[in-house]
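Everything below concerns the one structure shown next.
The values are calculated or read from the model by the stated rules, or taken from the named source; none is laboratory data. Predicted model, so just to flag it, every value in this text is computed and none were measured. Virtual Cβ from ideal backbone geometry, glycine too; neighbours counted across all protein chains shown.
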Amino acid sequence: MPSSLTSRYSRQCWRMLTPKWSVDPISGAGSAKNGGRFNRPGRHALYLSEEVETALAEYQQNMLRTPKPGMLVAYVVDMADMIDLTDPNTLSSLGIDHKTFECPWKILRARGKSIATWDLAERLIADGVAGARVPSFAAAGGVNVVLWNWRALPNVANVSDPDGDLPKNQSSWAKP
């Protein structure tokens, strides 16, 4: 079913990276470690934002103190099999509504409960969907992109670093 709901997605996206982890900006390892709204622990996912403002809001959403340093990084995304979960018609076709995304997934995870967005993501992945446009909860009206399969054609996302400014290893961040 989702193959009729997927389309090509090609654009620049953004992400704020913790400087220490900017040595591997397309790994998805952080989300695999703890899970995210659209991936259970163990499932690598790359979370990006369509707007710079959304990327900043997503990075700062859980900060109770002064914002920590971050690096704004651009990504070139070219995906053949994307689904738009911001589109009401797509949601209707999948039998869900926007409230599905509002689940308090961190609380549910801590309680060992079922998480609707994890189940949805697994269903989409099983149907060959490589990624999804999803609403941001950190930036009203913002759009995030969650990618589950982004390292092989026809679905690729790469960091845009034409001058090679990103560090190549963690020693770049060693404390003096």
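So Asn89 clears everything in (1) over 14 Å from the mean Cα position of the chain (by Cα); (2) buried (at least 17 other Cβ atoms within 10 Å of the Cβ) except one condition, right? Which one?
Result: Asn89 passes all but (2).
Tell me yes or no: at least one residue of the range 15-38 is among the small types (Gly, Ala, Ser), at pLDDT below 95, more than 18 Å from Ile125 (Cβ to Cβ) and assigned to a helix (DSSP H, G or I).
yes
Of all residues in the range 42-60, how many are out of contact with any strand residue (DSSP E or B) (no Cβ under 7 Å at 6 or more places or on another chain) and within 17 Å of Trp21 (Cβ to Cβ)?
2
So that you can scan it fast, the table gives a plain yes or no per residue for (1) without any contact (Cβ under 8 Å) to a residue 40 or more places away in the chain; (2) of a type in the set (A, V, I, L, M, F, W, C); (3) buried (at least 19 other Cβ atoms within 10 Å of the Cβ):
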residue: Val76; (1), (2), (3): no, yes, no
residue: Met82; (1), (2), (3): no, yes, yes
residue: Leu85; (1), (2), (3): no, yes, yes
residue: His98; (1), (2), (3): yes, no, no
residue: Thr117; (1), (2), (3): no, no, yes
residue: Ala132; (1), (2), (3): no, yes, yes
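Which one of the conditions (1) farther than 15 Å from Trp150 by Cα; (2) in contact with a helix residue (DSSP H, G or I) (Cβ under 7 Å, 6 or more places away or on another chain) does Thr18 fail to meet, given that it meets all the rest?
(2)
If the requirement is being of a type in the set (Asp, Glu) and either within 21 Å of Leu166 (Cβ to Cβ) or without any contact (Cβ under 8 Å) to a residue 12 or more places away in the chain (or both), which of these qualifies: Glu58, Glu53?
Details: Glu53 fails: either within 21 Å of Leu166 (Cβ to Cβ) or without any contact (Cβ under 8 Å) to a residue 12 or more places away in the chain (or both).
Criteria check complete, one pass: Glu58.
Please pick out the residue among Lys68, Lys33 that is touching a residue at least 40 places away in the same chain (Cβ under 8 Å), under 22 Å from Lys106 (Cβ atoms) and among the basic types (Lys, Arg). Step through it out loud before you land on a result.
Details: Lys33 fails: touching a residue at least 40 places away in the same chain (Cβ under 8 Å).
Only one candidate qualifies: Lys68.
Please verify whether the range 43-65 includes one or more residues that are acidic (Asp, Glu) and more than 22 Å from Asn149 (Cα to Cα). Show your work before the answer.
Quick first cut of the range 43-65, residues acidic (Asp, Glu) only: 50-51, 53, 58.
Then drop every residue that is not more than 22 Å from Asn149 (Cα to Cα), which leaves 53.
Yes, the range 43-65 contains a residue that is acidic (Asp, Glu) and more than 22 Å from Asn149 (Cα to Cα).
Considering Tyr9, Tyr75, which residue is farther than 30 Å from Ala110 by Cβ, touching a Leu at 6+ places or on another chain (Cβ under 6 Å) and of a type in the set (Ser, Thr, Tyr)? Can you show your working first?
Working: Tyr9 fails: touching a Leu at 6+ places or on another chain (Cβ under 6 Å).
Answer to the check: Tyr75.
Going through Gly164, Gly142 one at a time, which residue ends up being surrounded by 11 or more Cβ atoms within 10 Å (Cβ to Cβ), small (Gly, Ala, Ser) and under 21 Å from Gly70 (Cα atoms)? Walk me through it before giving the result.
Details: Gly164 fails: surrounded by 11 or more Cβ atoms within 10 Å (Cβ to Cβ).
The match here is Gly142.
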